[in-house]
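Report on one structure; see the data block that follows.
The values are calculated or read from the model by the stated rules, or taken from the named source; none is laboratory data. Keep in mind that this is a model prediction, so the values were computed, not measured. Positions of Cβ are generated from backbone atoms using ideal geometry, with glycine treated the same way; all protein chains shown enter the neighbour counts. Accessible surface is based on the protein model in full, side chains and every heavy atom, while ligands, DNA and RNA are left aside. Shrake-Rupley method; radii C 1.70, N 1.55, O 1.52, S 1.80 Å.
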Amino acid sequence: MDYKIRTKIAKILLKDAVDVNTEITILGLVRSVRVSKEVAFIDVNDGSCIGNIQAVFANPNTNPTLDKVTTGSSVRIKGKLIESAGKGQKFEIEGHSVDIIGEADSSYPLQKKRHSFEFLREIAHLRPRSNTFGAVNRMRSKLAYAVHKFYQDLGFYYIHTPIVSTSDCEGAGDLFRVSTMDFKNMPKTKDGSIDWDKDFFGDEAYLTVSGQLEGEIMATALGDIYTFGPTFRAENSNTARHASEFWMIEPEMAWAELEDNMDLAEAFIKYLINFAFDECEDDMKFFGQWVDKELFASLESVMKAEFERISYTDAIKLLEDSKEKFEYPVKWGVDMQTEHERFLTEKAIKKPVIVYDYPEVIKPFYMYVNDDGKTVRGMDVLVPRVGEIIGGSQREHRLDVLNDRIKKKGMDNMESYYWYTDLRKYGTVPHAGFGLGFERAIMYITGMANIRDVISFPRVPRWAKF
């Protein structure tokens, strides 16, 4: 069998690239089948688009194979493409033959009805065949391409940073260890602590939480770079926004300050949204109809808006002066919660907001300290419906200030970061960057409410199946 002789359904339904009355072969999975004495209808989807194409067989009693076709079967159908007389479809196939490539057992769980997302997570090996998750995975692929196109067109270099790391960029300590040692018989030093020198890397090693620090190395050499890869957080959180394994996009620019960072972040978000509308029209219509009916209006308002830029101090004053009853109290020095961020974007300012100049006490050691000594040049991009979607900063490039910050943060293992301070010792340059969680971007653009539903095989506390 030559499976290459086929026509993808997207070529027929989305591109109008196949002439009527052309003999074609399609390969796909059966979404539904109806067989009567006079006629049989088989709806087939091949994953190339959200739409199915219907094959119609006259006189089904002459083709005994039709009685064996079931929902979930994989089939090859040959026939002639014709204009459809039925409602809701432009084309159909006048079927000549059908071959069952793979039968589906009668217990096939994806029948023609709506299934809950909770149920579909239990069958993550089959859920990509559903309308919603087929659309999610096509969007994920297209948006990944958009990420690369955006930065490549701007002249950024794509850098691969390590997945195994000995540093904790964020300082939160929520790290997955990487070790080859026997946990039942750990080697010990004379003082009774674990002898990491006996481990594979001769040191404590972890799955990376961020590629930022290594990205800074490359930016000081190449100018503008970006990373796009998996990151890991051992945070015991079961919210709809957190996963233990996710993908991060982290651009880093040499000779750049906070304002440059803001400009890039705003342009990046708008580019991804615009790309989704232009290149994923069919799937976006599905999300707008079945997932979030306010999706299009919300995204279009973001594309048209000039993002408001407001200091953390002014943002806190807005929150304090409001009559809103927040679950989490607001005062200068606290880290804003999602409810505060959404209030700013949805009620107070009513458009995307970039909050900058955060208190240095709540931000990591690498952020540039302002002249007031109390704040750093950190920034968060906030959007309606979500809150924070991007976090970044101008990096501290002054060696003396960086060393003071390290001591103030009590980072007693900073000798392992000698290479990071060396960047400031040998030809330091101002630089800035940010991080965008890819899954959060997909959630925002598609309207999907749970991060577990925008990554094919989610990794969350007590769940690492498939």
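Side notes on the structure shown:
- Residue-by-residue Karplus 3J(HN,Hα) for region 422-437, coefficients 6.51, -1.76, 1.60, Hz, glycine and proline x: 4, 4, 8, 7, 10, x, 5, 9, x, 7, 8, x, 8, x, 10, x
- Normalised by 2.2 N^0.38 Å, with N the number of residues, the alpha-carbon radius of gyration of region 1-151 equals 1.11.
- q = 0.09, 0.10, 0.12, 0.13 Å⁻¹, region 167-306: log10 I(q)/I(0) [Debye, one scatterer per Cα]: -0.48, -0.58, -0.76, -0.85
- In this structure, the amide hydrogen of G229, modeled 1.01 Å from its nitrogen in the peptide plane, lies closer than 5 angstrom to those of M248, counting only residues at least 5 positions away or on a different chain.
- Debye log10 I(q)/I(0) at q = 0.09, 0.10, 0.12, 0.14 Å⁻¹ for the chain, Cα point scatterers: -0.73, -0.86, -1.09, -1.32
- Cα convex hull volume per residue for region 105-170 (Å³): 178 Å³
- The chain, accessible surface, carbon-and-sulfur percent (1.4 angstrom probe): 50 percent
- In sequence order, calculated HN-Hα J values of region 51-60 (Karplus, 6.51, -1.76, 1.60; Hz; x Gly/Pro): x, 9, 10, 9, 9, 10, 10, 7, 6, x
- Shape class of region 314-466 from the alpha-carbon gyration tensor: oblate, with a/c at 1.5 or above and b/c at least as large as a/b.
- For the chain, the share of DSSP beta bridges that are antiparallel, to the nearest 5, is 90%.
- Listed residues A144, H160, P128: farthest to the positive end of the dipole of region 119-167 (Cβ charges): P128
- Residues whose placed amide H lies under 5 Å from that of Y358, excluding near-sequence neighbours: V376, G378
- Phi-based couplings in Hz for region 455-465 (Karplus 6.51, -1.76, 1.60; Gly and Pro marked x): 10, 4, 10, x, 10, 9, x, 6, 8, 9, 7
- With R₀ set to 35 Å, the beta-carbon distance separating Y108 from H148 gives a calculated FRET efficiency near 0.45.
- Dividing the mean sequence gap of close Cα pairs (under 8 Å, 6+ apart) by how many residues region 311-396 holds gives a relative contact order of 27 percent.
- 222 nm mean residue ellipticity, helices alone, for the chain (DSSP H n ≥ 4; -39,500 (n - 2.57); rounded to 500): -8000 deg cm²/dmol
- The Cβ shell under 13 Å around N137 holds other residues with a net charge of +2, Lys and Arg each +1, Asp and Glu each -1.
- Residue-normalised accessible area of region 27-159, given per residue in Å² at a 1.4 Å probe: 52 Å²
- Under-5 Å amide H pairs with V460, H placed in peptide plane, nonlocal only: S244
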